[in-house]
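Data first, discussion second: the structure below is written as structure tokens.
The values are calculated or read from the model by the stated rules, or taken from the named source; none is laboratory data. Treat the numbers as computed from the prediction; the structure is a model and nothing was measured. When we count neighbours, we look across all protein chains shown, and the Cβ atoms used for this are built from the backbone with ideal geometry, even at glycine. Surface areas here come from the heavy atoms of the whole protein model, side chains and all, with no ligands, DNA or RNA. Shrake-Rupley method; radii C 1.70, N 1.55, O 1.52, S 1.80 Å.
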Amino acid sequence: MKQGMQESYEKGVANRSASSFALHTARCVAKRKQGYRRAGYRAPKRCNQDADAFALAEGNTGGSDIASSCPVLRSRRPQTRLEASCTRTGRPRRRLLPTSSGTAGEGLGRKARMNVPEESDSGIVPMNHSNKVEQSMAESEEGRPLIKENTNPSSTCPTQSGACVSQGLAGVRKAAREHKEMKFTALLPHVTIDLLRSSFGSLKRKAAPGVDGMTWQEYEAGLEGRLANLHSRVHRGTYRALPSRRVYIEKGDGRQRPLGIAALEDKIVQHAVVTILNHIYEEDFLGFSYGFRPGRSQHKALHALSYALVKKKVNYVLDADIQGFFDNLDKAWMIKFVEHRVADRRILRLIQKWLKAGVMEEGKWSDTETGTPQGSVISPLLANIYLHYVFDLWVDV
């Protein structure tokens, strides 16, 4: 019997004698007939054809039905062989030898199967890692690739206009909503080439050109190179604002209204800065402010007024107009109001450049001591910031 056990062990089939196989299978059948179930008891792996042939070859013909149909436990000590010593520890490494039939590591238990290179899910041979490697050993030992984090920046559409903005601008809006006294010190990095491209696409195609004479269609030719150069100049501080071209339009009462048409690149940079600042001031502006705000209009203001007159008790309605508002804004106070929320000196410097650029009228440049050119992209936002501090907050007290 001892010699039979040695031969079966050397063949890599089993390390039990034929009588041990028969005794074990008989006990297994008896336990199943009696309905015996022990806590943690699992049915052993089903034997393969080699095990059945081995049992029959040893003269176990009386239990042929049992030997061929009943599961049989196999050795828990798989046959191993020594390889070259590990260079890190100096100890020999061991590797499982696949059997002649069946899948590699069959019947060796879950831990043994985990180290079988032939059944790696991802096609990567599992390896033993150093203790210093801070990785998930549960994943690395099974040969599965580790989970990678998302590296691409996500985008969202939190604005009322529906325009998609970067996750960074969404964070600016959230911070402005939660911290009403916060001053933002790093806003210029949000002026990216993508934002400049989006700002260019938002401009009117048929708008009149400024003093540079550049139209939208002309700037579109070689757009990427122009935007890259503009982005570089803005971030290096070499960007220079051009004066606005002064034109006049007739008002309803016959008077002339002066307008300032900015150069095309000034419009692009102003639109990008307005997009960034809107994420701050749209959280600060009061609900009854409707002029020049995204998602709002004069029609919505009239609708809100009619609703209030019908649903609420209203004693009077005040209709007022600020004469020459855009032309008489105090530039010094304007910068002070912006500094309540913006502490990025580069953004403040851009606003100061636009306020001090002056106007060109009939080929002559003139400085504007007060006001902001009506008709530029950034003027409506600056006007709303000014009114927010000098009028809206006073009315809302």
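Worth pointing out:
- By accessible area with a 1.4 Å probe, ligands and nucleic acids excluded, highest first: order of I322, I347: I322, I347
- Figure legend: label point modelled 7 angstrom from the Cα of T370 along Cα→Cβ; residues of the range 335-349 with amide N under 20 Å from it are 335-338.
- Within the range 307-394, the trypsin sites (Lys or Arg not before Pro) that combine a DSSP coil assignment with at most 13 other C-beta atoms in a 10 angstrom radius are K312, K313, K356.
- Dipole of the range 171-235 computed with +1 at Lys/Arg Cβ and -1 at Asp/Glu Cβ about the Cα centre; of A228, G171, G201, farthest Cα towards the positive end is G171.
- For chymotrypsin sites (Phe, Trp or Tyr not before Pro), the sites in the range 296-396 that DSSP calls loop and that have at most 15 other Cβ atoms within 10 Å are Y316, F325.
- To put it simply, the accessible area of the range 347-397 at a 1.4 Å probe is 54 percent carbon and sulfur.
- Residue-span extension gain [L393 to R177] - 0.36 nm each, minus C-alpha spacing: 76.1 nm
- At most 16 other Cβ within 10 Å, DSSP loop - trypsin sites (Lys or Arg not before Pro), the range 168-268: K180, K183, K204, R205, K206, R240, K251, R255
- Sites I193 and S306, calculated FRET efficiency, Cβ-Cβ separation with R0 41 Å, nearest 0.05: 0.35
- Taking 7 Å steps out from each Cα toward its Cβ at R205 and R349 produces label points 3.7 nm apart.
- Separation in nanometres of the label points that stand 7 Å from Cα toward Cβ, at F288 and E361: 3.6
- Accessible-area value, T215, 1.4 Å probe, nucleic acids and ligands omitted, Å²: 40
- Extension gain, A186 back to Q298 (0.36 nm per residue minus Cα-Cα distance, nm): 36.9 nm
- Between V317 and H340, full extension at 0.36 nm per residue minus the direct alpha carbon distance yields a gain of 5.2 nm.
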